[in-house]
Amino acid sequence: MEIIFMETLQPSQHPIPPKNSFNEPKRLRAGEGVSWFTDSWRIFSKNKFKWMGAIILISLIPFAVGFLFGLLGIESPPADFNDFTSTIIIRELLFNLFFYWVGFCFLGGIVLLAAQTAQGKNFNFGSLFAGFSIKKSGAFLILLLLSIVVCLLLALAVVIPFSIFANGNFLRADFMPAFPILFIILLVIIAIYSMMFWLAPAFVMLEDMNPVAAIKASFNACRRNIPALLVYGLIWLGIGIAFWFIFMIVMISAFATEASIQQSTALSGPFLILFFIFLLITYLVLYPVAMIGIYTAYRSIFPQGRLNKY
């Protein structure tokens, strides 16, 4: 009689899952794009006035710093004209880099604040500045530089072949039929660029991922959910068209319906003031909703997060 001895595995002998394994992005139905918008609106509406105040704050800070940079530049202008021109170019380049870097850092703060309020925590204005920590701010700077490099490479991928084909003259009659093709290629490139960087701030801020990994994860997540992205994009397109019609109606009411120049001048002022207020409120409402949408899409695609931390 043969006796079979079964080896008992000790707890330490069981396979141990990797420390940082990745959750694959869910493949969502197209209608989930509607949920991204409605969830964003729900998060915003719970603290709407605080969100508006946050947007005012993060909009004023870069301009205030830029104004100070401008004052410093005016106080000590170079004597030579060429040096003056170079100084202006360098200063504008640095200011724009600073402006967009601050925008990336604040975007990380908005994503974090959206995650906190979605979990029932109190609205904390301090979370807006969480992206300026040494580690996060460095990651967002790299993310910004990568976005610039990718944008330039994608632009060159379109411009160079078409320049060679058109021999530098895009207005040639025999080149005109190629414009629809160029337009489609531009749309595809814009879509690729957007897919690479749309969710990247959420991965950097909430998952502590490095910028390159965040870009790859963002593109992979968007690639698997193109139908939902299209629905979400169509919602914002519809909102944009609606506000364009409102803009046209206001302008026609302000300038084209008056009987005389005096009446038009008298009445166009209040119309334009009201329209400016309308645009300001629209910005303070739709901008945070759009930014919160980064979090709602990320959480919908990765309910348990991108990283599995055991």
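Any read-out appearing in this document is the output of simple, stated calculations on the displayed coordinates, not a laboratory observation. Computed from a prediction, not measured in an experiment: that's the story for all the values here. Note that we place each Cβ from the backbone using ideal geometry, even for glycine, and neighbour counts take in every protein chain shown.
Length available on full extension from F243 to F183: 0.36 nm per residue minus the Cα-Cα distance, which gives 19.2 nm. Each label point was placed 7 Å from the Cα along the Cα-to-Cβ direction; for I89 and L279 their separation is 3.2 nm.
On full extension of the chain, what length is gained from Q304 through R27, given 0.36 nm per residue of separation minus the C-alpha to C-alpha distance? Numbers along the way, then the final one.
Numbers: separation 277, 0.36 × 277 = 99.72 nm, distance 1.42 nm.
Roughly 98.3 nm would be gained on extension.
What is the packing order of peptides 294-303, 181-190, taking the mean over residues of other C-beta atoms within 10 Å and listing the highest first?
In decreasing order of mean packing, 294-303, 181-190 become 294-303, 181-190.
For the cross-link pairs K50/K135; K50/K136; K48/K136; K46/K135, the ones whose C-alpha atoms lie over 29 Å apart are K46/K135. Modelled spin labels at Q116 and N96, positioned 7 Å past Cα toward Cβ, are 3.4 nm from each other.
Sorting 109-118, 216-225, 138-147 by their mean Cβ neighbour count within 10 Å, with the most densely packed peptide first, gives 109-118, 216-225, 138-147. Once R0 is set to 35 Å, what does the formula 1/(1 + (r/R0)^6) return for the Cβ-Cβ distance between R223 and I252, expressed as a FRET efficiency to the nearest 0.05? FRET efficiency, R223 to I252: 0.20. Give, as ranges by residue number, the residues of the stretch 271-310 whose backbone N falls under 14 Å from the point 7 Å along Cα→Cβ of K46. Answer for this model: 292-293, 295-296.
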